[in-house]
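The values are calculated or read from the model by the stated rules, or taken from the named source; none is laboratory data. Source: prediction; values computed, not measured. Cβ coordinates were reconstructed from backbone atoms using ideal geometry, including for glycine residues, and neighbour counts include every protein chain displayed.
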Amino acid sequence: MLADQAMSVDSKTVKKIASLARIAMSDDEIEAMVPEFNGILGWVEQLGEVDVTGVEPMTAVIPNVLRLRDDVVTDGDIRDKVLANAPAAEHGFFGVPKVIE
């Protein structure tokens, strides 16, 4: 689609969207949704007109700093304690029943 062409939604498109979303809609509901979708698309087109030159993309509206910690093993090497609660332990691993469909 060219940038100067306005996107519009018709009742056929709304029926297709409702079908994909598995939503049952009457003909009156479909006709009521046509201007709703076209209004939303109009707002999206307005956003495309905003000058964002020099604006860096954001992942959140507030600044987030990732809190990191050293990756240190604090209580490893306790396999026997972990497997003590297992209903079935085999060769140092949790034993599970075989499942075949």
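For the criterion of being of a type in the set (D, E, K, R) and surrounded by 10 or more Cβ atoms within 10 Å (Cβ to Cβ), E90 passes. Residue-level check: of (1) in a helix (DSSP H, G or I); (2) modelled with pLDDT of 95 or more; (3) under 24 Å from the mean Cα position of the chain (by Cα), L41 misses just (2). A Cβ distance below 8 Å, combined with a sequence gap of six or more or placement on separate chains, defines the contacts here; from the stretch 28-49, residues that are closer than 15 Å to S11 by Cβ reach residues that are among the charged types (D, E, K, R) in the pairs I30/K15; V34/D10.
Looking at this structure, is M33 surrounded by 10 or more Cβ atoms within 10 Å (Cβ to Cβ) and either assigned to a helix (DSSP H, G or I) or at pLDDT 85 or above (or both)? Yes, satisfied.
A residue that is under 30 Å from M7 (Cβ atoms), of a type in the set (D, E, K, R) and not in a helix (DSSP H, G or I) occurs somewhere in the stretch 56-79. S11 falls short on exactly one of the conditions (1) among the hydroxyl-bearing types (S, T, Y); (2) free of Cβ contacts under 8 Å to residues at least 12 places away in the same chain; (3) surrounded by 10 or more Cβ atoms within 10 Å (Cβ to Cβ), and that condition is (2).
Within the stretch 58-73, at least one residue is under 30 Å from F93 (Cα atoms), among the β-branched types (V, I, T), exposed (fewer than 10 other Cβ atoms within 10 Å of the Cβ) and out of contact with any Phe, Trp or Tyr (no Cβ under 9 Å at 6 or more places or on another chain).
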